[in-house]
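None of the figures in this text is laboratory data; all of them are computed from the coordinates on show. From a predicted model like this one, the values you see are computed outputs, not experimental measurements. All Cβ positions, glycine included, derive from the backbone under ideal geometry; neighbour counts span all protein chains shown.
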């Protein structure tokens with residue numbers, strides 16, 4: 001049985017560009033401050049996957065921080081989505 005190292009990276013997520021290319025769009029990465037599975041270093045590594053901006057947002061909680069209504073995730077995510085819709089980034 002294969003063991004999971006607890007680290008999730010860009011290669012774990014399907015994308016529509018060659019895996020050895022940087023994404024031509026901004027990335028926002030969300031994580032829990034008390035997450036025992038995904039380190040802040042792993043979250044920061046997403047910066048290397050884009051030629052645009054990469055924003056890291058962290059919230060109180062573990063790997064399932066999105067289920068904590070007091071963490072502020074829903075408000076932050078909503079704001080990020082609305083901001084993207086108002087000011088879409090065009091790929092170059």
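Taking residues in the stretch 34-51 that are more than 14 Å from residue 65 (Cα to Cα), and partners anywhere that are part of a helix (DSSP H, G or I), the pairs with Cβ atoms closer than 9 Å and at least 6 places apart or on different chains are 45/10; 46/10; 48/10; 49/10. All conditions but one from (1) surrounded by fewer than 13 Cβ atoms within 10 Å (Cβ to Cβ); (2) closer than 24 Å to residue 75 by Cβ apply to residue 21; the one that does not is (2).
Taken over the stretch 65-92, the residue count meeting the criterion of being part of a loop (DSSP other than H, G, I, E, B) and within 30 Å of residue 21 (Cα to Cα) is 6.
One residue stands out among those in the stretch 33-57 that are in a strand (DSSP E or B) and in contact with a helix residue (DSSP H, G or I) (Cβ under 7 Å, 6 or more places away or on another chain): the one that is surrounded by the most Cβ atoms within 10 Å (Cβ to Cβ), which is 54.
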